[in-house]
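The values are calculated or read from the model by the stated rules, or taken from the named source; none is laboratory data. The structure displayed is predicted, hence computed values, not measured ones. Using ideal geometry, Cβ is built from the backbone for each residue, glycine included, and neighbour counts are taken over all protein chains shown. For accessibility, only protein heavy atoms count, side chains too; no ligands or nucleic acids. Shrake-Rupley method; radii C 1.70, N 1.55, O 1.52, S 1.80 Å.
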Amino acid sequence: GRGRRGYSSAGAAEFLHRSIVPTMHYQRSLPRLPVPKLEDTITRYLNAQKPLLNDDQFRKTEELARAFEKGIGRELHEQLVAQDNQNKHTSYITGPWFDMYLKAREPVVLNFNAFMSFNPDPKPEYNDQLTRATNMTVSAVRFMKTFRAGYLEPEVFHLNPEKSDTELFKNIIRFVPSSVSWFGAYMVNAYPLDMSQYFRLFNSTRVPKLEKDELYTDEKAKHLLVLRNGNFYVFDVIDRDGNMLKPSEIQAHLKYILSDNSPAPAFPLGYLSSENRDTWASLRKNLLDNGNEEALQKVDSALFCLSLDDFPVKDFVHLSHTMLHGDGANRWYDKSFNLIITKDGTAGINFEHSWGDGVAVLRFQNEVFKDSTTSPAISPQCQPASVDSSKAVQKLDFKLNDALKAGITKAKQKFDAIVESLSLNMIQFQEGGKDLLKQKKVSPDAVAQLAFQMGFLRQYDQTVATYESCSTAAFKHGRTETIRPASIHTKRCSEAFVKELSKHSTEELQKLIVECSKYHGRLTKEAAMGE
C-alpha cells in the first residue's frame, strides 16, 4: 500500500517494498566458508578422475595424490588454514576469486559474461518497446533505491517456508541483534544468503588495466546510460534530492532516444569492450589521452546500461544470440549489467561476471519482472511528459584518432569472427519436465546433467571432465563451488542407454537413473556446504 512503498511528490512508488527486517540484518552473523579437509578433497578428486582414466592412469594418479597428501599438500593446507584464521572478516576464496576473473585477459564477451532472459509481460500491449523500457527502468531504479535504503527483503533460502517465511518470524527476528540473527533463522531451517555483491549491481563497471582489471563503483552518479544504434546517450533518472524522475519524464527521454535518427557511428565504441583486456587497456589509455575522459566517466559511473535494439526477436536461438553477445556496437560489456530490450519488447540481462554471481542478478531480475508487470509505472496509453528531452538527454561524443579508429575496426573484425564461430541450437522437450521428475523422485538437475553426459558419449564416444557450478552464498563472501557431474554412475548409466539399450530392462534403466540422481544430489549438497 501507499504507506509501505513510499511515494514521491510525483505520486510514483519510489520503493519495491519496505521489509521490516533490514536488508543486511543477517550479513554480520553469516557462517564462514569452511576449508575442506585435505583428505576429503583428495578422495573427491579421485572420485571425479575415476570415470576419465583407464586403470593404469588411475593408479598413477592415485599414487601422486597420496604422495601430495602426505607431503607438500599437508604444508600447503596448513598455510591455507593459518591464512584463513588471519582473515575472519571474509572467505579464503575471495582474493583468489577476484584475481582469477580480473587477471584473465580474454575478452569478457562469450568467455565470462552470462545472460538471462525475461518472460514477456503477460499483458501483450505492455511489450511495446518504449512501454517496457520505461517500466523496467523505473523498476530497476526502485530496486536500487529499496536496496540502498535497507528496505529490500533479505535474501533467505527457506527449507521450511511455512515456519520461516512468515510475518510472525520476521517480527521476532528483526529484534534479534545482527551479531546472532543467523542462528535465529537457522533454528527454523532458513538459511540467509550473503548479499555483499549487491552494491556492485549499480553505478559499476569493470575497467580494463594492464595485467589486472579493476572494479569501479560511483554511487553518487545519478544518470542512466542508453545505447541505441551504436550511439551513447545519458540522462539523469534521479534528481538532486535522491528522488526518481517521474516515469512520464523517463518515458519522454527514452522516446526521444528511440526517435533520434542520428546515423550509426562509423567507429562504434562498444566493440572496444569486447577486446582482449590488455589491448583494450592500451586503447582506453589512448581514449583518455585524447580528450574523452568526461565521456568515459559518464559510461563507467552510469547506474546501468540500457541497450535498445532496433529489431524484433525471431525465436529462442535468435534470443540467445541477442542476449549473449548481440551486435557488439550496441552493448557495453564492461558494465555490471546491460538491460537489453528489443523492438518487440523482448528483454534480457547480460552481466559481467567478476563482481558477482547469478544469485544476485537473478534476485534483481525477479524483482524487476514482478514489479514492472504487477505495478507498472506507465501504461501503453500514457502520454510522455512534455519536457525538453533535447536538453535533458546528452549524446556522448567521442574524439577518435587514427590509432583508435584502427583499434575499433580490428575489434569489430575479431568480434565478428568469434561470434561467427559460435553455434547455438535448442530443442524443446515436451514430454514432461520438473514436475514429472519430482513425481518419480529424481532430481531435475541430475537428469539434465545426465542428458549432457549421454549426449556427449553419443557424439564423441567418451566421458570427459565436466563442470557445474553451485552457489555457496549461504556463507560470508561465498561465490561458487564446483560440482563434477561426470561420475562412474553417469558413465555406467550413459553406456547402458547409448551402447547397450536392448540388454537392459526398463527397471534396470530406472535403477541406474535413480543411482545417478542420488549421487548427484550428494555432490550438490557437499558443494553447497562449501565442501
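For every residue, the table says whether it meets (1) farther than 23 Å from F232 by Cβ; (2) part of a loop (DSSP other than H, G, I, E, B).
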| site | (1), (2) |
| --- | --- |
| F369 | yes, no |
| A377 | yes, yes |
| K410 | no, no |
| D416 | no, no |
| L422 | yes, yes |
| N425 | yes, yes |
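Within the stretch 148-241, which strands (runs of 3 or more DSSP E) (wholly inside it) include 3 or more residues that are over 26 Å from L102 (Cα atoms)? In the stretch 148-241, the matching strands (runs of 3 or more DSSP E) lie at 156-158, 190-192, 231-236. Can you spot a residue in the stretch 335-347 that is open to solvent by 40 Å² or more (accessible area, probe 1.4 Å), under 29 Å from S389 (Cα atoms) and in a loop (DSSP other than H, G, I, E, B)? Checking the stretch 335-347: at least one residue is open to solvent by 40 Å² or more (accessible area, probe 1.4 Å), under 29 Å from S389 (Cα atoms) and in a loop (DSSP other than H, G, I, E, B). Can you report the number of residues in the stretch 90-134 which are outside any helix (DSSP H, G or I) and in contact (Cβ under 8 Å) with a residue 12 or more places away in the chain? So the count comes out to 24.
The listed residues are F415, F452, and the only one of them that is in the same structural domain as L319 (by the TED database), hydrophobic (A, V, I, L, M, F, W, C) and under 23 Å from V317 (Cα atoms) turns out to be F415. Looking at D278, D289, just one residue is assigned by the TED database to the domain that holds D128, over 18 Å from the mean Cα position of the chain (by Cα), more than 24 Å from H253 (Cα to Cα) and without any contact (Cβ under 8 Å) to a residue 60 or more places away in the chain, and that residue is D289. For the stretch 171-181, a residue qualifies if it is within 11 Å of H25 (Cα to Cα) and open to solvent by 30 Å² or more (accessible area, probe 1.4 Å), and the qualifying residues are R174, F175, V176, P177, S178, S179, V180.
Test of understanding: among R32, R74, which residue is open to solvent by 50 Å² or more (accessible area, probe 1.4 Å), in contact (Cβ under 8 Å) with a residue 24 or more places away in the chain and within 29 Å of W355 (Cβ to Cβ)? Steps first, please.
On the way: R74 fails: within 29 Å of W355 (Cβ to Cβ).
On inspection, the qualifying residue turns out to be R32.
With the structure loaded, tell me whether V81 is outside the structural domain of Y271 (by the TED database), open to solvent by 40 Å² or more (accessible area, probe 1.4 Å) and β-branched (V, I, T) or whether it fails that test. It is true that V81 is outside the structural domain of Y271 (by the TED database), open to solvent by 40 Å² or more (accessible area, probe 1.4 Å) and β-branched (V, I, T).
Just give me the residues in the stretch 452-467 being open to solvent by 60 Å² or more (accessible area, probe 1.4 Å) and either part of a helix (DSSP H, G or I) or closer than 14 Å to K491 by Cβ (or both), in sequence order.
Across the stretch 452-467, the qualifying residues are F452, F456, R458, Q459, Y460, D461, Q462, A465.
Among the residues of the stretch 206-264, those that are among the basic types (K, R) and closer than 24 Å to P384 by Cα comprise K222, R228, R240, K246, K255. For the stretch 105-116, the criterion of being in contact with a Gly (Cβ under 7 Å, 6 or more places away or on another chain), among the aromatic types (F, W, Y) and under 30 Å from N276 (Cβ atoms) is satisfied by at least one residue.
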